[in-house]
Structures are given as C-alpha cells and as structure tokens.
Amino acid sequence: LQESESENRLDGETASDSESKSEFGGSSPVPTSDDTPEVLNRALSNLSSRWKNWWVRGILTLAMITFFFIIIYLGPMVLMTIVMCVQIKCFHEIITIGYNVYHSYDLPWFRTLSWYFLLCVNYFFYGETVTDYFFTLVQREEPLRILSKYHRFISFALYLTGFEQLINKLMSSLRGALLQFGWTHVTLLIVVTQSHLIIHNLFEGMIWFIVPISCVICNDIMAYMFGFFFGRTPLIKLSPKKTWEGFIGGFFSTVLFGLLLSYVMSGYRCFTCPVEFNNDTNSFTVDCEPSELFQLQEYNIPVLLHSVLGWRTVRMYPFQIHSIALSTFASLIGPFGGFFASGFKRAFKIKDFANTIPGHGGIMDRFDCQYLMATFVNVYIASFIRGPNPSKLIQQFLTLRPEQQLHIFNTLKAHLVDRGVLASLEDA
C-alpha cells in the first residue's frame with residue numbers, strides 16, 4: 001500500500017527525520033499516537049517495531065481486500081455508494097487539515113462553506129449522471145424532468161450563492177478568504193471530480209472498475225514487499241522510504257497480475273457488460289452479448305520469443321492487451337500520486353491524513369493513487385475504447401421538437417439511401 005516500502009534500516013535518526021529538521025527549521029513532524037488495536041499490540045508485543053509494523057499492515061491489508069471482495073459481490077449499486085462514502089471521507093480529511101493549518105486566521109464558516117461547495121459540486125456531477133443513465137426514468141416523472149431541464153442553471157445558482165457568501169468574508173479577512181477558496185476548490189478538483197470519473201468507469205463495465213483498482217493495490221503491496229526485503233537504493237526524496245528495488249519489483253508484478261486478473265474476469269458477463277438501468281424492473285442489469293474485447297483471439301508470438309516460450313501462437317482476450325497499459329500506468333505513473341501526497345504531508349508536518357486505518361493512516365492515504373488512476377482509465381476509454389453511444393443519441397433525439405425529429409429522420413434516410421444501405425434492406 002502507498003507510503004509503504006522498506007523501513008529505514010539505520011538505527012537512530014532516519015532520513016525523513018533529518019530532512020524534516022533541515023526544511024522546517026529544526027522541528028520534526030508532529031508525533032502521532034499508536035492507533036494499533038490493543039489485541040494486535042498484545043499479540044505482536046515480542047516483535048521488533050519493524051516486524052510489528054509489517055504484521056499490522058499485512059493483517060489489515062488482508063481485511064481491506066476481503067471487504068473489497070464483499071462489496072464487489074454485492075453489486076454496482078453498493079460499489080457506487082462506497083465510492084461516494086470514500087469521497088466524503090477523503091474530503092473531510094483534507095478540509096480538516098486545512099482548518100487546523102489556517103485556524104490562526106480565524107476564518108468564519110470555513111468548514112460550513114467547504115461542505116456547501118461539496119454539496120453543490122456533487123449535485124452538478126451526479127445530476128448529469130442521472131440524466132445520462134436514467135433518462136427514461138427522469139422523463140417519466142414531471143419533477144425530475146423539470147430538474148433535468150434546468151439542471152445546470154440550478155447548479156450554477158447554488159454555486160453563486162456560496163461564492164457570494166465567500167466574498168462577504170473578504171471584508172473580515174482577505175487573505176483568509178482567498179486561502180479558503182483555493183484550499184476548498186483544489187480539494188474538490190482532486191477528490192470529487194476523480195470519484196465522479198470512477199463511477200463513469202464503473203458504468204462501462206465492472207471490469208473497468210475492478211482491474212485498475214486491483215492493479216494499484218497489487219503495485220502498492222508488491223512494492224512494499226520488494227522494498228521491505230530487498231530495498232537498498234532510495235527512489236525519491238519526497239518519500240525517503242521508497243526504493244528502486246520496490247518500484248521495479250512492483251512494476252513487473254503488477255503487469256503479470258493485470259494479465260492474469262483480466263484473463264479470469266473477461267470470461268464473465270457480470271464483469272464485462274456495461275452497467276445499465278432496467279426501467280421495467282427499476283434495477284441495474286449487467287447482461288449483454290460480450291463485445292470483441294472479451295472474446296478469445298489467437299495472436300502470433302514474435303519470432304524472437306519462439307525459442308524461449310516454445311509457442312508460435314497464444315490465445316488471449318484483447319482486453320488483456322489493454323490491461324498491460326492499465327497496469328503499466330498503475331505501477332509507473334500511479335505512484336506519483338503517492339509522492340504528491342507525501343510532499344503534501346511533509347509540507348504540513350503530518351505523518352498521515354488521518355488515523356482511520358491502523359498502520360495505514362487515513363482513507364486519503366490509501367486512495368491517493370486511485371484518483372490519478374481513475375482519470376487515466378476514463379481518458380483511455382474515451383480515446384481507445386468507447387465510440388458514439390447510440391442510446392444517448394436516441395435519448396437526445398426524443399427530446400427534440402417533432403419538426404426537428406422529422407428533419408433528422410429525412411436527413412438520415414437520404415444518407416442511407418445514398419450509401420445503398422436502405423435500398424438493400426428494402427430489397428430484402
């Protein structure tokens with residue numbers, strides 16, 4: 001997991017301690033209390049602090065992975081709810097740090113306005129999602145239809161209300177109000193926007209949600225394991241405990257893990273089919289005819305590898321090729337989200353964002369790389385996977401006036417006749 005590579009093996013002052021002293025004028029980061037459950041403290045009391053930390057992290061990591069499997073089993077609706085809860089908790093952790101750091105400016109209504117902006121942004125994003133994916137349901141109910149029609153205007157009006165209240169605070173503290181504005185909006189950009197993209201990825205199929213998240217988790221775990229046992233060479237000053245051995249070992253392990261997980265999941269429709277809302281049953285469905293991405297294909301192996309592997313061809317799912325890109329990003333670029341989080345925490349002299357999970361820190365400590373991964377997956381799908389969505393085009397077509405619909409119909413008919421498609425259908 002992030003912030004979890006090899007412990008510094010030197011006795012006495014660690015590298016991070018010495019760097020903190022030089023950067024912050026001789027003061028070390030504020031010490032944090034031991035939040036390890038008492039039952040684990042008693043069971044591991046005979047171990048050194050290094051191995052005790054290893055066991056605590058390992059046990060709680062297994063517990064979190066088990067919880068992850070359970071929420072996957074419960075289905076997409078529960079997954080969306082969990083994403084929403086994680087978003088709120090991450091926002092709370094960052095806003096709490098901002099309040100504690102800038103409390104000296106005596107900012108009135110800092111947290112209240114921050115939560116109000118969170119409400120406004122979520123109303124905008126999730127309102128757009130509801131309109132896109134629950135169009136028929138929205139059109140069926142008059143209040144929802146009105147809210148959908150004027151959704152962006154209502155969202156902008158709500159935001160302006162909060163902005164006006166923020167401007168009023170300029171009268172009491174100009175610098176404080178500007179700090180509040182910047183802190184809150186950067187937090188919204190990092191947390192809310194990315195969690196919204198995670199839900200969009202989920203609607204494309206649970207495999208686009210599970211594989212990227214699992215690759216990040218695998219990379220964190222394997223980087224920690226390789227770094228713990230073999231780590232010798234420091235990787236980056238922002239995170240002194242990270243090593244090149246852990247970084248490289250995590251990369252190869254993650255690519256292999258991504259290929260294997262993708263192979264297993266590509267054979268199940270519940271993972272590969274887009275998550276759609278069934279208006280007849282008012283529930284989510286994940287049943288479809290698998291696309292070519294999830295149908296086994298035969299690929300030729302390069303000649304140079306024939307003697308090494310002993311194969312000339314291999315059967316695999318096309319999605320496995322895409323999984324290489326996902327796992328590569330998760331292991332090479334994803335950790336930079338953790339490096340940024342490390343720099344953020346060191347700048348404010350804190351060890352973790354919170355102490356929600358013993359041995360791991362706060363929820364944001366565990367999801368700093370996941371948010372960066374969510375953006376990449378969304379961009380990757382839009383660039384290389386998803387084409388125009390016929391269902392959304394039909395939804396927009398049905399909202400037009402009759403004369404506009406008739407114009408589009410005649411234009412489309414003439415186009416199909418010119419291409420010979422409509423004529424061939426009529427002949428048939």
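When the residues of the range 267-276 are narrowed to those that are crowded, with 18+ Cβ neighbours inside 10 Å and touching a strand residue (DSSP E or B) at 6+ places or on another chain (Cβ under 9 Å), which ends up farthest from H200 (Cα to Cα)? The extreme case among them is C273. In the set (1) surrounded by 15 or more Cβ atoms within 10 Å (Cβ to Cβ); (2) at pLDDT below 85, the condition left unmet by S27 is number (1).
Looking across T131, T187, one residue alone is open to solvent by less than 60 Å² (accessible area, probe 1.4 Å), among the β-branched types (V, I, T), touching a residue at least 60 places away in the same chain (Cβ under 8 Å) and out of contact with any strand residue (DSSP E or B) (no Cβ under 7 Å at 6 or more places or on another chain). It is T187. Of all residues in the range 149-190, exactly one satisfies the criterion of being modelled with pLDDT of 90 or more, over 14 Å from N122 (Cβ atoms) and of a type in the set (S, T, N, Q), namely T161. Residues that are of a type in the set (A, V, I, L, M, F, W, C), within 30 Å of F376 (Cβ to Cβ) and touching a helix residue (DSSP H, G or I) at 6+ places or on another chain (Cβ under 9 Å) within the range 297-320 comprise I301, M316, F319, listed in sequence order. Given the criteria modelled with pLDDT under 90, surrounded by fewer than 20 Cβ atoms within 10 Å (Cβ to Cβ) and in contact with a Phe, Trp or Tyr (Cβ under 8 Å, 6 or more places away or on another chain), does F228 qualify? No, not satisfied.
Of all the criteria given as (1) buried (at least 20 other Cβ atoms within 10 Å of the Cβ); (2) closer than 15 Å to L332 by Cα; (3) in contact with a strand residue (DSSP E or B) (Cβ under 9 Å, 6 or more places away or on another chain), the one not satisfied by D220 is (3). Filtering the range 148-178 to residues that are buried (at least 16 other Cβ atoms within 10 Å of the Cβ) and among the aliphatic types (A, V, I, L, M) leaves I154, L158, L166, A177. Screening F247 against (1) farther than 18 Å from F339 by Cα; (2) touching a strand residue (DSSP E or B) at 6+ places or on another chain (Cβ under 7 Å); (3) aromatic (F, W, Y) leaves a single unmet condition, (1). For the range 317-347, a residue qualifies if it is open to solvent by less than 60 Å² (accessible area, probe 1.4 Å), farther than 19 Å from S253 by Cα and not small (G, A, S), and the qualifying residues are Y317, P318, F339, F344, K345, R346.
Number of residues in the range 289-313 that are at pLDDT 90 or above and polar (S, T, N, Q): the value is 2. Return yes when T66 is assigned to a helix (DSSP H, G or I), of a type in the set (S, T, N, Q) and closer than 26 Å to M222 by Cα and no when it is not. Yes. Take F247 and decide whether it is open to solvent by 60 Å² or more (accessible area, probe 1.4 Å) and under 22 Å from the mean Cα position of the chain (by Cα). When the stated conditions are applied, F247 does not pass them. Can you find even one residue in the range 102-115 that is touching a His at 6+ places or on another chain (Cβ under 9 Å), part of a helix (DSSP H, G or I), at pLDDT 85 or above and of a type in the set (A, V, I, L, M, F, W, C)? Within the range 102-115, one or more residues are touching a His at 6+ places or on another chain (Cβ under 9 Å), part of a helix (DSSP H, G or I), at pLDDT 85 or above and of a type in the set (A, V, I, L, M, F, W, C). Is it true that D280 is among the acidic types (D, E) and open to solvent by less than 40 Å² (accessible area, probe 1.4 Å)? No, not satisfied.
Given the condition part of a helix (DSSP H, G or I) and modelled with pLDDT under 75, answer yes or no: does some residue in the range 75-83 qualify? Within the range 75-83, not a single residue is part of a helix (DSSP H, G or I) and modelled with pLDDT under 75. Residues that are touching a strand residue (DSSP E or B) at 6+ places or on another chain (Cβ under 9 Å) and either of a type outside the set (D, E) or surrounded by fewer than 24 Cβ atoms within 10 Å (Cβ to Cβ) (or both) within the range 348-380 comprise K351, D352, F353, A354, N355, I363, R366, listed in sequence order. Taking the criterion of being open to solvent by 30 Å² or more (accessible area, probe 1.4 Å) and in contact (Cβ under 8 Å) with a residue 24 or more places away in the chain, would at least one residue in the range 296-307 satisfy it? No, there is no match, as no residue in the range 296-307 is open to solvent by 30 Å² or more (accessible area, probe 1.4 Å) and in contact (Cβ under 8 Å) with a residue 24 or more places away in the chain.
The values are calculated or read from the model by the stated rules, or taken from the named source; none is laboratory data. These numbers come from a predicted model, not from an experiment. A quick note on method: Cβ atoms are made from the backbone with ideal geometry, for glycine too, and the neighbour counts reach across all protein chains shown. Side chains are part of the model used for accessible areas, which takes the heavy atoms of the whole protein and leaves out ligands, DNA and RNA. Shrake-Rupley method; radii C 1.70, N 1.55, O 1.52, S 1.80 Å.
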